[in-house]
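The values are calculated or read from the model by the stated rules, or taken from the named source; none is laboratory data. Everything numeric in this text was worked out from a predicted model, so none of it was measured. Cβ: placed from backbone, ideal geometry, glycine included. Neighbour counts: every protein chain shown.
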C-alpha cells in the first residue's frame, strides 16, 4: 500500500495554499472516482486534500433567471431539486441515469465534471496507456474499443468522457466557475473545460494544477422541451454506449434545437454542425437526419465501434422527434420519481430551494 497524507481544507483559499505546499497532491470531495483510481494504482497521489467542507453547496436561482450550482452539491441533491427539475429537466434526467443512488449521494458536481475515463486500458496499470503515461501507446486502437470514441479522438487516444451530467450541461450552455491559484475566479463554457486528446492525451481538461471548479452557472433556459436519453448494455448502473441531451425551443421562424452527445468522444460532443443546419427550418425527419449525417461526417470509427455512429444518429433523431411531438414527457413534480432516462416539458420555474429541501 502506498502511504499518503490526508488533510481537510477549511476554505477554498486554504485548499489552494495546501496544494501549493505539497508535491504530488490531489483534491478530493465525494471520492467516488478518486478512490477507485487510488485502489487501481492509476492515481498515486502522496497528499489528498479534502475540499468537501470548502466547496459551496447552494443551488441558487439568481435575479437574472440564471442558476448557480455550488461544486459541492451532491448529484442526488441536484437531481431532486425542484428548480432543476422544473427549469432544466434534461439535467435532472441525466443525473438520475448515472450510477446508483448510493454513488449519487456521495458524488459532487465538481468531481463529476472532472472524472477520468473508464477505458479499460487506462485503468489497467499492467498495460500501456498514453493517457496514463504519454508516449507508451494506445492499445485500444487495435484492441478492445467497442465503448470508445468515434469522433474527436486521435492517434494517441480514443478514450471517452464517461459522464452523463456534463452532456446535459453542455447542451444547456452552462459555464464552469474556476478558482485559480493566484486567487482569481473566472468562468468558461463547459464545452471548453474538457480537451480533445491531440498529442497530449494525459491532459483531460484545461485546468492547471491547483485550480478548483467552484460552481456551475446555467443560463435562463426559457420555455423549452428537453430530454436526456442513454443507450447502455443494461438498464441500471452502466456507462452509456451513446447518450444525447436535446432541447427544442419553438420560435416564429421555426424551432431551435440544441444537441449534445455523450460517450462518442473524449468530451461531451456539442453538435454544432447539426444545430446550425436545423436553425430556422421546419423540423422534418428528413432534415434532422441530414443534419445528423453532417454532424458525424467527420467520425472516424474503428471496426469494433462503427455501430455507435448510426446509433447516435438514430437516438438523436428519435429524441428530437419525440420532443416535437410532445411525447414521453413528465411534469417537474414527477421528475424525481423517474428511475432512468426520461423526457420532460418545461413549466414556469419554481421558487429557489436550498439543498436541505431537495429530494434525494
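Tell me whether segment 111-122 contains one or more residues that are at pLDDT 95 or above and at positive phi.
no
Tell me, yes or no, whether segment 278-296 has at least one residue that is under 19 Å from the mean Cα position of the chain (by Cα) and under 15 Å from residue 167 (Cβ atoms).
no
Here is a list of conditions, (1) outside any loop (DSSP other than H, G, I, E, B); (2) at positive phi, and residue 152 meets all of them except one; can you say which number that is?
If we test residue 152 against (1) outside any loop (DSSP other than H, G, I, E, B); (2) at positive phi, just (1) comes out false.
Taking the residues in segment 10-41 that are out of contact with any helix residue (DSSP H, G or I) (no Cβ under 6 Å at 6 or more places or on another chain) and more than 22 Å from residue 179 (Cβ to Cβ) as candidates, determine which candidate is surrounded by the fewest Cβ atoms within 10 Å (Cβ to Cβ).
The residue in question is 39.
Can you tell me how many residues in segment 42-82 are under 17 Å from residue 216 (Cβ atoms) and crowded, with 19+ Cβ neighbours inside 10 Å?
Residues that pass the stated criteria total 19.
Considering each of 340, 326, 360 in turn, give the residue that is assigned by TED's automatic domain parsing to the domain that holds residue 246, modelled with pLDDT under 95 and on the phi > 0 side of the Ramachandran plot.
The match here is 326.
In segment 287-301, how many residues are in contact with a strand residue (DSSP E or B) (Cβ under 9 Å, 6 or more places away or on another chain) and outside any helix (DSSP H, G or I)?
0
Would a scan of segment 61-75 turn up a residue that is assigned to a helix (DSSP H, G or I) and touching a strand residue (DSSP E or B) at 6+ places or on another chain (Cβ under 8 Å)?
yes
Within segment 169-201, which residues are touching a residue at least 24 places away in the same chain (Cβ under 8 Å) and loosely packed, with under 15 Cβ neighbours inside 10 Å?
180, 181, 183, 185, 187, 198, 199, listed by residue number.
Looking at (1) surrounded by fewer than 22 Cβ atoms within 10 Å (Cβ to Cβ); (2) touching a helix residue (DSSP H, G or I) at 6+ places or on another chain (Cβ under 6 Å); (3) not in a helix (DSSP H, G or I), which is the one condition that is false for residue 129?
(1)
Here is a check on your reading of the model: is residue 112 within 21 Å of residue 154 (Cβ to Cβ) and either in contact (Cβ under 8 Å) with a residue 24 or more places away in the chain or assigned to a helix (DSSP H, G or I) (or both)? Spell out the reasoning first.
Values: within 21 Å of residue 154 (Cβ to Cβ): no; either in contact (Cβ under 8 Å) with a residue 24 or more places away in the chain or assigned to a helix (DSSP H, G or I) (or both): yes.
Answer is no for this residue.
Go through 14, 81 for me and flag whichever is assigned by TED's automatic domain parsing to the domain that holds residue 209 and touching a residue at least 24 places away in the same chain (Cβ under 8 Å).
On inspection, the qualifying residue turns out to be 81.
Given the conditions (1) under 19 Å from residue 226 (Cβ atoms); (2) surrounded by fewer than 17 Cβ atoms within 10 Å (Cβ to Cβ); (3) touching a helix residue (DSSP H, G or I) at 6+ places or on another chain (Cβ under 7 Å), and given that residue 288 satisfies all but one, which numbered condition is not satisfied?
For residue 288, the failing item is (2).
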